[in-house]
Structure formats: structure tokens, C-alpha cells
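Encoded as C-alpha cells, the structure appears first; notes follow it.
Since every read-out is calculated from the coordinates, none of them should be taken as a lab result. Every value quoted in this text rests on a predicted model; they were computed, and no experiment measured them. Methodologically, a virtual Cβ is constructed for each residue, glycine included, from the backbone with ideal geometry; neighbour enumeration extends over all protein chains shown.
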Amino acid sequence: MKPEYILIHHSLTKDGKVVDWNAIFKYHTEELGWNDIGYHYGIERIGNKYAVLTGRPENVVGAHTKQNRMNYKSLGICVVGNYDNERPPEIVMDLLVDKCVELCLKYDIPSSHIKAHHDYASYKTCPGKMFPMSELIERVQNRLYKLGVKAC
């Protein structure tokens, strides 16, 4: 699978100081019966630090957006937290920009193909009402432009 899109999600849960990524993995595998977590990456707070965590391998079809067969065309990144109620912390946005830039460069994905889950699942607010999607895309575009990627 060569991904054409990056899809941004939120967990719709409070980000605690424990590894919530493990709870998401457990839910996806034990409750939903999947072989693995549905996302390719996750960003969350662990203790007092934030980390980018790995889920499914990038070459494996995700299980995060079934609409329009986007699982087959995209990489899914889940930001742990409920961004219907608050904006993600700046460190989370920084890590997400870094990961999106990395994936855009690796797979030649244009920044215009960074999408919110609700762009395909319109009945959801994911990645949250307070999540700054346009800012994310603009920051990725600016970073790609500074790196000499003109068609972003």
C-alpha cells in the first residue's frame, strides 16, 4: 500500500498520565476482534512527556476510516485526548506536524491530503470541534515549503 492521504483522529478520551495507547490497542483487539490497533501512529502524554507511538506498520491497511475505502489509501494518526472540549497542547501539535511532514516527504503526499476523520465520517466531529485542522495543514505546508517542496 502506498498511502495517498494522512487522516487525523482523536481518541475522544481524556489523555491521562498512563499509556492510553495500550487501552486503545486492547479495545481494538479484544473488544472489536481486530488483529492489531487500527491506527498507524498515536500521539499521547506518558507521564510528563509526549510521545509518538507506533501502531500498525505503514505497509499494512489501517482500520480507522472505512468510508470511501480510506483505510486502503491512508495512514491514520490518533491524537489521544478529547478535542471537542479543548485545543490540543502545542507540544502535541508540534509532534503531529513533525510526523505529517515526515510522512508527506516519505510518500510524496501533498499537504492538501491531510484530512480530518470527519471529512469522510461526517456524523463524527473527529478529530474534535476544537482541533485546528487548518492550522495543522498550514504548518505542514510551511515546513515543506522551507524544505524546498514546492508542490505541497
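Apply the Debye scattering formula to the stretch 1-90, with a single equal point scatterer on each alpha-carbon and no solvent, then give log10 I(q)/I(0) at q = 0.22, 0.25 Å⁻¹. Log10 of I(q)/I(0), two decimals: -1.10, -1.30. Pairs of lysine residues in the chain that meet both criteria, 8 or more places apart or on different chains and Cα atoms under 17 Å apart, total 20. Counting other Cβ atoms within 10 Å as a rough exposure proxy, the listed residues 114, 137 run 137, 114 from fewest neighbours to most.
Considering only 29, 125, 65, the mean-square fluctuation computed in a Gaussian network model of the chain, springs between alpha carbons under 10 angstrom, is largest for 29. Rounded, prolate or oblate: pick one for the stretch 90-152, where a ≥ b ≥ c are the square roots of the eigenvalues of its C-alpha gyration tensor, a/c under 1.5 means rounded, and failing that, prolate if a/b is larger than b/c, else oblate. Since a/c reaches 1.5 and a/b is larger than b/c, the shape of the stretch 90-152 is classed as prolate.
In terms of other Cβ atoms within 10 Å, 9, 118 run from fewest to most in the order 118, 9. When restricted to Cα atoms, the chain yields an Rg and a Dmax of 14.5, 45 Å, respectively. Per-residue Cβ neighbour counts within 10 Å put 61, 97 in the sequence 61, 97, beginning with the fewest.
Divide by every residue of the chain the summed helix terms, -39500 (n - 2.57) for each DSSP H run of at least 4, and state the resulting mean residue ellipticity at 222 nm, rounded to the nearest 500 deg cm²/dmol. It lands at -8000 deg cm²/dmol.
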